[in-house]
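Read the structure below first, then the notes.
The values are calculated or read from the model by the stated rules, or taken from the named source; none is laboratory data. What you see is a predicted model, and the numbers here were worked out from it, not measured in a lab. Using ideal geometry, Cβ is built from the backbone for each residue, glycine included, and neighbour counts are taken over all protein chains shown. When the accessible area is computed, the model is the full protein with side chains, heavy atoms only, and any ligands, DNA or RNA have been set aside. Shrake-Rupley method; radii C 1.70, N 1.55, O 1.52, S 1.80 Å.
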Amino acid sequence: MLSKEVIARLNDQVAKEMFASNLYLSMSSWCYTHRFDGAGAFLFEHAGQESEHAKKLITYLNETDSNLKLQAIKEPESSFASLLDVFTKTYEHEISITQSINELVDFTLSHRDFSTFNFLQWYVAEQHEEEALFRGIVDKIKLVGDSGNSLYLVDQYIKTLLGK
């Protein structure tokens, strides 16, 4: 059985993953309305992945006979200055999720909850991949510049990242 503190922290992480899903849906919509269809499709898919991350946590809570307590999810930002702004904010958000996962992992280890610690290792690896992916996109946009025809090429590049 999980401790009340671990259950509360896992519930908090569920909310953070659901917020990420909503944020990426909002960003996807912004991209589509600004004709960045590749980035829109990529972020739409990524929103689904974030929802799956939350469901994986929910499944773990259910398997451990723990109480899932869904929280209100705040409204995500919906207005962005540019494609660079979208992906810079996405990258920054992933850094904050990594920090949250690391704090959760540290808490479970320090409280000798080895089962949850082991379960969370998937999230540790996933966050490493997420940060590298979004940092790479930000770097590419900065490399070509955040205006003009080069953004079309970046959008096409982002489209090739679907499924990653």
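Quick notes on this structure:
- Taken over the range 20-46, the criterion of being crowded, with 20+ Cβ neighbours inside 10 Å and under 16 Å from the mean Cα position of the chain (by Cα) is satisfied by A20, S21, L23, Y24, M27, S28, A39, G40, F42, L43, H46.
- Qualifying residue in the range 97-116 (condition: over 17 Å from L83 (Cα atoms), open to solvent by 80 Å² or more (accessible area, probe 1.4 Å), of a type outside the set (D, E, K, R) and not in a helix (DSSP H, G or I)): yes
- Of the listed requirements (1) surrounded by 17 or more Cβ atoms within 10 Å (Cβ to Cβ); (2) within 23 Å of A15 (Cα to Cα), S78 misses just one: (1).
- Any hit, the range 134-155, residues being hydroxyl-bearing (S, T, Y), closer than 17 Å to L25 by Cα and either at pLDDT 95 or above or open to solvent by 30 Å² or more (accessible area, probe 1.4 Å) (or both): no
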